[in-house]
Amino acid sequence: MTQERRYSFEFFPTKTDAGHEKLLATARTLASYNPDFFSCTYGAGGSTRDRTLNTVLQLENEVKVPAAPHLSCVGDSKEELRNLLVQYKDAGIKRIVALRGDLPSGMGMASGELRYANDLVEFIRQESGDHFHIEVAAYPEMHPQARSFEDDLINFVRKANAGADSAITQYFFNADSYFYFVERVEKLGVKIPVVPGIMPITNYSKLARFSDACGAELPRWIRKQLEAYGDDAKSIQSFGEEVISRMCEQLLQGGAPGLHFYTLNQAEPSLAIWNNLKLPR
Ligand code: FAD
């Protein structure tokens, strides 16, 4: 992988030792592809605070790939966020994915002192100056709670203006939505790179459920095809690889500054796409 475009892989911290070992094995496999960084999600409200921290430190120090913790403000106090920032800084972590987050149902109302991701970006800059490269989230198909697409664009601009260095998108299956989003935010003065988030297709029902929840559109032609495959995992896999690889090529040819893979802690689906790309990298 070259440094001209950036490539990264995202993990989630696991609850079991076996899951954690699998995550590390996946990370070691992906490390041999020389990615720019790994990232590790954070459970809003601090539910994964220690696990995210430990995973990131292991990825950075043992797997030896720069690792970026996700950090969300919706359920954490400023004091809790400050402590985490100090721990990350002291550990030599240089990149953070700054989010509002979503509290899991049952955790009640947001109790954090910072309400939106732009507040968190501002807070990180106040606390740590330019130490961290700050990533924020972008939604080419609009954040599900946004009042309107236009409103969501303005809120994205707030994050860039608050000091974000780059953005990673929610996944999507329609490259035009990405190109349109980038064109619109550039017209609003945003200069930071917006890297497409890529979700491999491996399982129809999980993907459909997840897409509904996060507001990503699963196009009818993809849905119908996946439905038709039923339990035929092999066909789903090869169709998914083909569709997503072609979309990645389209994105990179159209100027996307890299790719960020949602690995769900598995190496093969992302690597299948990666190895399938017919582009010089
Ligand atoms: P924001 O940018 O704050 O936006 C949230 C909503 O509020 C939007 O509708 C926006 O239009 C609106 N809004 C934003 N700012 C303002 C403002 N100043 N005034 C009024 N309205 C505003 N979730 C996790 O819990 N943990 C993770 O690790 C995690 N990682 C993610 C990684 C990526 C790359 C992406 C794309 C998402 C991730 N998420 C994660 C999901 C994310 O937390 C949710 O989508 C959440 O609902 C919004 O977070 P945000 O940072 O985009 O919020």
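For segment 138-281, evaluate the Debye formula with one uniform point scatterer on each Cα (no solvent term) and list log10 I(q)/I(0) at q = 0.10, 0.12, 0.15 Å⁻¹, rounded to two decimals. Debye curve over Cα of segment 138-281, log10 I(q)/I(0) at q = 0.10, 0.12, 0.15 Å⁻¹: -0.35, -0.50, -0.77.
Sites listed here are trypsin sites (Lys or Arg not before Pro) in segment 180-260 whose DSSP assignment is loop and whose Cβ has at most 16 other Cβ atoms within 10 Å: 191.
For residue 165 and residue 82, the FRET efficiency from 1/(1 + (r/R0)^6), where r spans their Cβ atoms and R0 equals 25 Å, is about 0.75.
Placing +1 on the Cβ of every Lys and Arg and -1 on the Cβ of every Asp and Glu, with no other charges, gives segment 6-277 a dipole of roughly 60 debye about its Cα centre. The residue among 83, 229, 265 whose Cα reaches farthest toward the positive pole of the charge dipole of the chain, with charges on the beta-carbon of Lys, Arg, Asp and Glu, is 229. Over the chain, the reciprocal of the mean inverse Cα-Cα separation, the Kirkwood hydrodynamic radius, stands at 19.3 Å. For the set 78/159; 234/278; 64/206; 89/187; 89/278; 159/234, the pairs lying more than 29 angstrom apart at their alpha carbons are 64/206; 89/187; 89/278; 159/234.
For the chain, the residue among 219, 239, 43 whose Cα projects farthest onto the positive side of the dipole built from Cβ charges is 239. Packing around the peptides 172-181, 4-13, taken as the average count of other Cβ atoms within 10 Å per residue, puts them in this order, highest first: 4-13, 172-181. Ordering 19, 117, 198 by the projection of their Cα atoms onto the charge dipole of the chain, which places +1 on the Cβ of Lys and Arg and -1 on the Cβ of Asp and Glu, puts 198 at the extreme positive end. Database remark: amide H of residue 95 closer than 5 angstrom to the amide H of 133 (H placed geometrically; neighbours at sequence offset of 5 or more, or on other chains; Pro and chain starts carry no H).
All of the numbers you see were taken from the coordinates with simple rules; none came from a lab. A quick note: this is a predicted structure, and the numbers were derived from the prediction, not measured. No Cβ is skipped: glycine too gets one built from the backbone with ideal geometry, and neighbour counts run over all protein chains shown.
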